[in-house]
Amino acid sequence: MSENKIETLRWNNDHLEMIDQRILPTDFQYISYNSALTVADGIRSMVVRGAPAIGCAAAYGVALEALNLQDASVDKFSKGMEQAFKILLESRPTAINLFWAIDRMRSKMNENINLTSIEIANKLLTEAHEILNEDIEINRTMGTFGAELLEDGDCVLTHCNAGALATAGHGTALGVIRSAVEVGKNISVIADETRPFLQGARLTAWEMVQEGIPVSLISDNMSGHLMSNGEVDAIVVGTDRVASNGDVANKIGTYMVAVLAKRHNIPFYVACPLSTIDLSITSGSEIPIEERPIEEVTGYRDFQWAAKGISVRNPAFDVTPADLVTAIITEKGVVFSPNSEKIKRLFD
Ligand code: MRU
């Protein structure tokens, strides 16, 4: 298997290219980006999505803006960069990786503030490359830890897409599955379709088919039935933000899966890099939950099936309390029954 079969984002000479995840799996196409503004639009419109991938995209957005401003005066450079940070910070609210990556890019800029604009821009581009490469490496490490939790022959249910497409490569939850398969375990996957944006049906199913890992697609309301039939051995999901007490925000519907998993004594694992853990908040109730356009619920693409004028709610994420989480899989190891103390220790 090649190291990184799916290149969710890639740098091409002087611009960023990202797979347009909105049109997968029927079409496969890269879109080019050359500024913070266009990258922010790519994040907001979900050309790129998934917490770590959003972080990588934002880092390149910062670097692109610096490259565009490399001939500007010091004053213009710093004003332009502030504007870039602001636009990117506002692109999506829930995934902490966005804020983490922008903070890291800002620190890199401040460390080098006495250099020329072009030198700063080059440092920022190098940092963006590092964030991307580190993400793949971290996912592989998490995969190795997580693979040990899965038994040969396991059927693993996953929700949303926490695969290569949600990261720089390999994936978090799907990275655990890929790594288990790489070490010779027979793993099959059940992919929740993940209403309303269908990341499971469109992206997870596609990734698993590409990889030749057996996958069955189900609609979200089928998972309880399959769990009660004993057809699910483990659940592995990703996350957009983990609070310091171990509460986990992930794609809407994850909480339902976790409650059902508890009912049926099925381990519920969450795979994420440390950059997804937000130590500044004490519990999941402080995590901002994105509300997305109503059209995602009333229909799909150009087709509307719900009555015109209907009132709609579309929260894009929910919070699973820590006590429903069997373990969090990170690049520093596996944290069983997560709580504040154990999570803090990961950062020591
Ligand atoms: O709205 P999305 O598609 O960006 O939501 C993505 C998820 O909820 C993923 O499960 C999460 O970001 C983890 S990705 C490794």
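The values are calculated or read from the model by the stated rules, or taken from the named source; none is laboratory data. From a predicted model like this one, the values you see are computed outputs, not experimental measurements. Cβ atoms come from the backbone with ideal geometry, glycine included; neighbour counts cover every protein chain shown. Just the protein is used for accessible areas: all its heavy atoms, side chains included, with ligands, DNA and RNA removed. Shrake-Rupley method; radii C 1.70, N 1.55, O 1.52, S 1.80 Å.
Taking the listed residues Val74, Val62, Val48, Val39, the one that is of a type in the set (Val, Ile, Thr) and either surrounded by fewer than 21 Cβ atoms within 10 Å (Cβ to Cβ) or farther than 14 Å from Leu98 by Cβ (or both) is Val74, with no other qualifying. Restricting attention to segment 238-257, the residues that are crowded, with 24+ Cβ neighbours inside 10 Å and closer than 13 Å to Pro321 by Cα total 11.
When the criteria are applied in full, Thr141 meets the requirement of being more than 12 Å from the ligand (Cβ to nearest atom) and within 18 Å of the chain's Cα centre (by Cα).
Among the helices (runs of 4 or more DSSP H) confined to segment 205-320, the ones with at least 1 residues that are over 21 Å from the mean Cα position of the chain (by Cα) and either more than 16 Å from the ligand (Cβ to nearest atom) or farther than 16 Å from His159 by Cβ (or both) are located at 223-228, 254-263, 295-298. Mind counting the residues in segment 158-197 that are in a loop (DSSP other than H, G, I, E, B), aliphatic (A, V, I, L, M) and more than 25 Å from Val47 (Cα to Cα)? Residues meeting the conditions: 2. Checked across segment 22-36, the condition of being open to solvent by 10 Å² or more (accessible area, probe 1.4 Å), within 17 Å of the chain's Cα centre (by Cα), under 25 Å from Thr330 (Cβ atoms) and within 16 Å of the ligand (Cβ to nearest atom) holds for no residue.
Scanning segment 90-105 for residues that are within 16 Å of Leu124 (Cβ to Cβ) and without any contact (Cβ under 8 Å) to a residue 40 or more places away in the chain returns a single hit, Asp103. Can you spot a residue in segment 290-304 that is more than 20 Å from Arg44 (Cβ to Cβ), open to solvent by less than 30 Å² (accessible area, probe 1.4 Å) and in contact with a helix residue (DSSP H, G or I) (Cβ under 8 Å, 6 or more places away or on another chain)? Looking through segment 290-304, none of the residues is more than 20 Å from Arg44 (Cβ to Cβ), open to solvent by less than 30 Å² (accessible area, probe 1.4 Å) and in contact with a helix residue (DSSP H, G or I) (Cβ under 8 Å, 6 or more places away or on another chain). On the given criteria, is Ser188 touching a Cys at 6+ places or on another chain (Cβ under 7 Å), surrounded by fewer than 24 Cβ atoms within 10 Å (Cβ to Cβ), modelled with pLDDT of 95 or more and on the phi < 0 side of the Ramachandran plot? Against the criterion (touching a Cys at 6+ places or on another chain (Cβ under 7 Å), surrounded by fewer than 24 Cβ atoms within 10 Å (Cβ to Cβ), modelled with pLDDT of 95 or more and on the phi < 0 side of the Ramachandran plot), Ser188 qualifies. Tell me, please, whether a residue that is open to solvent by 30 Å² or more (accessible area, probe 1.4 Å) and either among the basic types (Lys, Arg) or on the phi > 0 side of the Ramachandran plot (or both) can be found in segment 325-339. The answer is yes; a qualifying residue exists.
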